[in-house]
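Each remark here refers to the structure printed beneath this line.
Computed from the coordinates by the stated procedures, all read-outs in this text should not be read as laboratory data. Since the structure is predicted, the reported quantities are computational estimates derived from the model, not experimental observations. We place every Cβ from the backbone using ideal geometry, glycine too, and count neighbours over all the protein chains shown.
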Amino acid sequence: MIILGVDPGSRVTGFAVIERKGATETLIDTGIIRVSTGDTHQLRLKQIYEALSGLIASHLPDYCAVEMPVYGNNPQSMLKLGRVQATAMLAALNRDVPVVEYSPKQVKKSVTGNGNASKEQVRYMIASILSLGEVSELALDASDAVAVALCHAHRGPDTPGGSYRNWADFVKDNPDRTT
C-alpha cells in the first residue's frame, strides 16, 4: 500500500510518500511545496494543486491522508488552511485516490503516543520508526506529512485491526471474527 501524506499550509505544504508492506513502512519521498508569497491565495492554491497532482501521477498512491486544520486564533488563516486542505483532497480525488482525514492529535498520538507532542518530537519519532538516522535537516512540515502518512498506515482500513467506516467493511475484511 502506498500512502501520500499531506500537511496543508497556505505558504508551505508538507508531503510524504510511504510504502507499507506487511508491518514495515518505507519512506519513498518527502519534502515541501513552497509557494510564492507574492502571489494571490488563488494562485498559491493552483501551485499546490499542480505539485500534488504531479506527485500523485509519479507515485500512484493507494490513499491520500490529509491532516485537518482544527483550531486557530485567526478565522482568515483557518479559512485559508481549509482551502489548502480542499485543494489537496481535490488533487487526489481527481485521480481516483481515496482521501482520509486525521486530526493533528490523532496523527501525533499515532506516531508518538502523545496527542500533544511537539513538532520536534514527531520528527524524532518518524526518524526512529523509519530508521532514518539524523533528520534535523528535514523540514518540520515534511516530517508532519510523514507522520500523517504513518498515521494512516497504522490506523487505516487496510491495516489489520485498523478503523472501519461501517460494519459491512469490517465483516468483509474479518469473516473469521464474525461467527
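When 125, 68 are ordered from fewest to most other Cβ atoms inside 10 Å of their Cβ, what list results?
68, 125
What dipole magnitude, in Debye to the nearest 20, does the chain give about its Cα centre under +1 on Lys/Arg Cβ and -1 on Asp/Glu Cβ?
460
Towards the positive end of the charge dipole of the chain, with charges on Cβ (+1 Lys, Arg; -1 Asp, Glu), say which of 82, 4, 35 has the farthest Cα.
So the residue we want is 82.
Compute the distance in nm between two label points, each set 7 Å from the Cα along the Cα-to-Cβ direction, one at residue 24 and one at residue 79.
4.9
Straight-line reach from residue 80: which lysines have a Cα under 29 Å away, not including same-chain ones fewer than 8 places off?
Correct list for residue 80: 46, 105, 108, 109, 119.
Tally the DSSP beta bridges in the chain and give the antiparallel ones as a percent, rounded to 5.
65
Across the Cα atoms of the chain, what radius of gyration and what greatest pairwise Cα-Cα distance (Dmax) are found, in Å?
My reading of the Cα-based Rg and Dmax gives 16.2, 61 Å.
Express in nm, to one decimal, how much length is gained between residue 119 and residue 136 on full extension, taking 0.36 nm for each residue of separation and deducting their alpha carbon distance.
5.0 nm
For the ranges 139-147, 15-23, what's the packing order if you count other beta-carbon atoms within 10 Å of each residue, average per peptide, and put the highest first? Don't skip to the answer; put the middle values down first.
Details: 139-147: 24.8, 15-23: 18.8.
The peptides rank, most packed first, as 139-147, 15-23.
What is the distance, in nm, between label points placed 7 Å from the Cα along the Cα-to-Cβ direction at residue 105 and at residue 37?
The modelled label-to-label distance comes out at 3.2 nm.
Mind sorting 123, 83, 95 by how few other Cβ atoms lie within 10 Å of their own Cβ, fewest first?
Ordered from fewest to most neighbouring Cβ atoms within 10 Å, 123, 83, 95 come out as 95, 83, 123.
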